[in-house]
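No value in this document is a laboratory result; all are computed from the given coordinates. No experiment lies behind these values; they were computed from the predicted model shown. For neighbour counting, all protein chains shown are included, and Cβ atoms are generated from backbone atoms with ideal geometry for every residue, glycine included.
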Amino acid sequence: MSFKKFILNLLNAYSNEDFIDAIKQQRNEIIKSHYDELKKKFSFLHEHFFNRLFNYSLSNSPTSFAIPYLSMYNLYFFIFINIDDHQFDLEGRLCSFVIDINAYRNQNDFNSAASLYCKVNLTNSKCKIIDIHSRYSRLGVASFMLRILEEIIKRYKVKKITGWLSPADINNRDLQVNFYTKNGFTVNFTDNTRENGVIVKILDY
């Protein structure tokens, strides 16, 4: 059977709607297979990165790292991690620093696709999230940045991550609650209006 005749038979075997659905299903299977293959490679790269990060002795001066991230739908992000603003006590021991994590869609993008800014206090073994936002939802970028944060602070045996839910974000409150609970946080509100809230995650190493 010629290829042309095969295609004609295939077209006759489906209604227009069924044929389109069959093509979409095949396309999605190809995309998923390609994504799964790339995800395995990226997972290996991430584990290698986290192992190096855990074993790498962070200096008391500004430190920077970079790592690629592959989200669903094969969207690539570049994650940049900056550790800065080191503060010391009178005996010269490191007592606090800030972690600034930003994700970009490409190298020419000056506006971050997602960002996470927090301050780590080694005196009370706490990490406070000052700001976190993402222009992309349900792609795992913000969750991946939280994982990076935890991998960094566990080197210092930091036991708690805290944060505040602002009244300015009340329209996105359900998304925020889902995001934080999915990532292991507890969410508590000061009253039933849910205008103000606190997030807490206890780290167990």
To the nearest 0.05, the calculated FRET efficiency linking ARG135 and GLU91 through their beta-carbon distance, R0 being 35 Å, is 0.20
Residue order, fewest to most surrounding Cβ atoms within 10 angstrom, among GLU150, GLU91: GLU91, GLU150
Could you list, in their original order, any pairs among LYS126/LYS182; LYS154/LYS182; LYS157/LYS182; LYS126/LYS154 whose Cα atoms are separated by more than 18 Å? LYS126/LYS182; LYS154/LYS182; LYS157/LYS182
Once the dipole of segment 58-202 is set up from charges on Cβ (+1 Lys and Arg, -1 Asp and Glu), the residue from the list LEU90, SER71, GLY163 lying farthest towards its positive end is SER71
In whole Å, what is the distance between the alpha-carbon centres of segment 114-129 and segment 142-196? 12 Å
Ranked packing of 188-201, 118-131, most packed first, by mean Cβ within 10 Å: 118-131, 188-201
